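Peer 1: Below is a structure I'd like to ask you about.
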Amino acid sequence: MIEIATSTTSATVVVTGDLDLAERDQFPEIASRVVGLRRQLLVIDMCRTTFLDSTGAAFLISLADSSRRRGGATVLRGAASRDLFVLEVCGALDLFRIDEVHRCPSTAPQDEPAR
């Protein structure tokens, strides 16, 4: 599931569960909504993300690229090392600011400590 929350200065995309090929049908609508918000800061909250594949990574990359083209920034919050690895393999990790300070609630995946 993907939810969008907004403030006056930012948009937050909260990913719960898998972000993969099976979810791709909702990506265009979500991307359109996020781009339409025109916020300078896009936060992608991955605390509750259980799996990221290359299709999900492409979706995140498209969000970050759209934000960058508008002069904005994209922050990844709560991304597990395996998610960062997928983005690194895709050659896109530099599109994101990594929030090293954020601590996920206890609902974070159990295989790695929350960030």
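The values are calculated or read from the model by the stated rules, or taken from the named source; none is laboratory data. Computed from a predicted structure; not experimentally measured. Backbone-built Cβ (ideal geometry, glycine too); neighbour counts: all protein chains shown.
Peer 1: Any chance you could count how many residues in the range 1-38 are of a type in the set (D, E, K, R), surrounded by fewer than 16 Cβ atoms within 10 Å (Cβ to Cβ) and either part of a strand (DSSP E or B) or at pLDDT 90 or above (or both)?
Peer 2: Looking only at the range 1-38, we keep the residues that are of a type in the set (D, E, K, R), and these are 3, 18, 20, 23-25, 29, 33, 38.
Filter again for surrounded by fewer than 16 Cβ atoms within 10 Å (Cβ to Cβ), leaving 3, 18, 24-25, 29, 33, 38.
Going one step further and asking which of them are either part of a strand (DSSP E or B) or at pLDDT 90 or above (or both), we end up with 3, 18, 24-25, 29, 33.
Number of matching residues: 6.
Peer 1: Is it the case, given these coordinates, that Thr55 is on the phi < 0 side of the Ramachandran plot, in a strand (DSSP E or B) and either among the hydroxyl-bearing types (Ser, Thr, Tyr) or modelled with pLDDT of 95 or more (or both)?
Peer 2: Details: on the phi < 0 side of the Ramachandran plot: yes; in a strand (DSSP E or B): no; either among the hydroxyl-bearing types (Ser, Thr, Tyr) or modelled with pLDDT of 95 or more (or both): yes.
Here the answer is no, as Thr55 does not meet what is asked.
Peer 1: For the range 68-81, state whether one or more residues are over 15 Å from Ile2 (Cα atoms), among the β-branched types (Val, Ile, Thr) and free of Cβ contacts under 8 Å to residues at least 40 places away in the same chain.
Peer 2: yes
Peer 1: Follow-up. For the range 58-81, give me each residue that is touching a His at 6+ places or on another chain (Cβ under 8 Å) and in a strand (DSSP E or B).
Peer 2: Passing the criteria: only Arg77.
Peer 1: Here is a further query. Would you check which residues across the range 82-102 are without any contact (Cβ under 8 Å) to a residue 12 or more places away in the chain and not aliphatic (A, V, I, L, M) and list them?
Peer 2: Phe85, Glu88, Gly91, Asp94 - these are the residues of the range 82-102 that are without any contact (Cβ under 8 Å) to a residue 12 or more places away in the chain and not aliphatic (A, V, I, L, M).
Peer 1: Would it be correct to say that Arg68 is at positive phi and among the basic types (Lys, Arg)?
Peer 2: Numbers: at positive phi: no; among the basic types (Lys, Arg): yes.
No; evaluated as a whole, the condition is false for this residue.
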